[in-house]
Amino acid sequence: MTRGSLLVVDDEVTGRELLARGLTRAGWEVTTAGDGAQAAALLDRTFDAVVTDLVMPRSDGLALLAELNRRNYPALRVVVTSFADKDRVVAVLNLGADYLLEKPFGVEALDGVLQRLLRERADGGRDLQQFFRRRLAGLPLTPREREIVELVLQGDSNKQIARKLGLSEQTVKNTLSNAYDSLGVQSRGELFHTVFPI
């Protein structure tokens, strides 16, 4: 029995094939495409997850995410990217990526992410806390930053967060400031719209 069906999209042939072989050995049923246009042509089939590189010539990962949205395609979306380009990271979140995986990574890391995302979906992973954690999981944040950002998204003030976590209010402010810098945002409002795009 396979772990699930994947569509792996990457324009770099060697990397794509190595990834496909590793995921197949890990128990996945893998189909590959060289860019977003080739991937879109395969969407008459149902995949449990789409793993796509972000930067590709002809039709990139953003175009593929937009196409998945246009079709209301139910697959989980894992985007492989570098966090250096914050504008693209925000765009990926706006298009509904479930997880951002930073390069370089190993097959084991991707396998673990996919298994966790599918398990959460099977468990109904829709309660608010799990939903926040899933949205934050792939972002370039430290564990403490992620913990504080999660509480911010739940509507807690800095004072409430400090009390819940046993920290000083200044520590909360400093940690939140570092998280804002990492995500390229300047306020709670921008943070919210980055994590939960309209």
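Close amide H partners of residue 55, meaning residues 5 or more places away or on another chain with modelled amide H under 5 Å apart, are 61.
Quick one: pull the percentage of alpha-carbon pairs in the stretch 73-115 with a separation above 17 Å. Write out the running numbers ahead of the final one.
Numbers: 287 of 903 pairs.
It works out to 32 percent of all Cα pairs.
Each 5 Å bin from 0 upward holds the following percent of the Cα-Cα pairs of the chain: 1, 7, 16, 19, 18, 15, 11, 7, 4, 2, 0.
Rounded to 0.05, the FRET efficiency of the residue 190 and residue 5 pair, given R0 = 41 Å and the Cβ-Cβ distance, is 0.65. Scanning residues 5 or more positions from residue 11 or on other chains, none has an amide H under 5 Å from its amide H, with H placed 1.01 Å from N in the peptide plane.
Based on the Cα coordinates of the stretch 130-195, what is the per residue volume of their convex hull in Å³?
Given the Cα convex hull of the stretch 130-195, per-residue volume reads 77 Å³.
Find which of 162, 109, 79 sits farthest along the positive direction of the dipole of the chain, computed with +1 on the beta-carbon of Lys and Arg, -1 on that of Asp and Glu, about the Cα centre. Most positive-ward Cα: 162. Here the stretch 4-124 is assigned +1 on the Cβ of each Lys and Arg and -1 on the Cβ of each Asp and Glu. Its dipole about the Cα centre then comes out at about 180 debye. The Cα atoms of the stretch 1-105 define a convex hull whose projected area, averaged across directions, is 6.2 nm².
Site pair residue 119 and residue 181 shows an inter-label distance of 3.4 nm when each label is modelled 7 Å from Cα along Cα→Cβ.
Residues in the stretch 92-108 carry Karplus couplings, in order, of 4, 5, 4, 8, x, 4, 7, 7, 10, 10, 7, 6, x, 8, x, 4, 4 Hz; the curve used is 6.51 cos²θ - 1.76 cosθ + 1.60 with θ = phi - 60°, and Gly or Pro positions show x. Each stretch of four or more DSSP H residues adds -39500 (n - 2.57); spread over every residue of the chain, this sum gives -16000 deg cm²/dmol at 222 nm. The phi torsions of the stretch 33-48, fed into the Karplus equation with coefficients 6.51, -1.76 and 1.60 and a -60° offset, translate into couplings of 9, x, 6, x, 5, 4, 5, 4, 5, 9, 7, 6, 8, 9, 10, 6 Hz, rounded to whole numbers, with Gly and Pro shown as x.
Readers should treat all values here as calculations from the given coordinates under stated rules, not as data from a laboratory. This structure is a prediction, so every number in the text was calculated from the model and none was measured. Neighbour counts run over all protein chains shown; Cβ positions are idealised from the backbone, glycine included.
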